[in-house]
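Heads up: the structure comes next, in structure tokens.
The values are calculated or read from the model by the stated rules, or taken from the named source; none is laboratory data. The model shown is predicted, which means the values in this text are computed figures rather than measured ones. In this analysis, Cβ positions are derived from the backbone assuming ideal geometry, glycine residues included, and neighbour counts consider all displayed protein chains.
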Amino acid sequence: MDSQPKVTLVEILVVVAIVALVGVLASVAVTSARSKQRDATRLSNVRQIQTALEDYFNETNAYPDGEAMPLGDSAQSACLSVTGFHADCSTETATIIRSVPRAYEAGLPGKVTCGTPARKAFCYSALNQGEAYAIQFELENSLPGAGLQKGVNCAVPGKMAAGVCE
């Protein structure tokens, strides 16, 4: 008599189903982690821009000119000096930030767009003749602890808030 246990088709199918389920759950977890990492990068970039804008304000007593300007654009806002946003700051004597961060576009549905041609971006506008500014930006996930929502958010001097800039 053969005393070796036999594996049935049902047992093989159960094992395959469990392995497939674990694979799907791992894929969902990795996708979620990547999305959150992209949002962390976006927030870090917006904070870096806010800091540079505060340095600019301290030097000039106003925020730089701009209306619905895509930040980090190589044609108009790749860097920031004490004379404003420029495509190239190599000839500027007082540069505040050599490379203005661009929006990390991956994963965004495109609710915040500006520039010509329109593209996903951190959209900067000076307000009240340079007394304030607004940067519209987009997130893939909500961040309740920071008061930010999935979709459109707004950065103004000293804070960030959920929703469209007013």
Tell me, yes or no, whether the range 72-90 has at least one residue that is of a type outside the set (Ser, Thr, Tyr), in contact (Cβ under 8 Å) with a residue 40 or more places away in the chain and closer than 30 Å to Gly107 by Cβ. yes
All positions within the range 153-166 that are within 19 Å of Cys114 (Cα to Cα) and surrounded by fewer than 17 Cβ atoms within 10 Å (Cβ to Cβ): Val156, Gly163, Val164, Glu166
For a quick check of your reading of the model, give me the residue pairs whose first member lies in the range 131-160 and is within 22 Å of Gln37 (Cβ to Cβ) and in a loop (DSSP other than H, G, I, E, B), whose second is among the aliphatic types (A, V, I, L, M) and modelled with pLDDT of 95 or more, with beta-carbon atoms closer than 7 Å and at least 6 apart or on different chains. Ser142/Leu148; Gly147/Ala161; Gly147/Ala162; Gln149/Ala162; Lys150/Leu139
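Quick one: is Tyr124 within 20 Å of Ala162 (Cα to Cα), at pLDDT 95 or above and surrounded by 14 or more Cβ atoms within 10 Å (Cβ to Cβ)? Break it down into steps so the answer makes sense when it comes.
Details: within 20 Å of Ala162 (Cα to Cα): yes; at pLDDT 95 or above: yes; surrounded by 14 or more Cβ atoms within 10 Å (Cβ to Cβ): yes.
Judged against the criteria, Tyr124 is a match.
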Kindly indicate the residue of the range 22-59 that is free of Cβ contacts under 8 Å to residues at least 60 places away in the same chain and either among the hydroxyl-bearing types (Ser, Thr, Tyr) or not in a helix (DSSP H, G or I) (or both) and also surrounded by the most Cβ atoms within 10 Å (Cβ to Cβ) among those meeting that condition. Tyr56
If you take the residues in the range 60-81 that are among the aliphatic types (A, V, I, L, M) and out of contact with any Asp or Glu (no Cβ under 9 Å at 6 or more places or on another chain), which one is modelled with the lowest pLDDT? Ala75
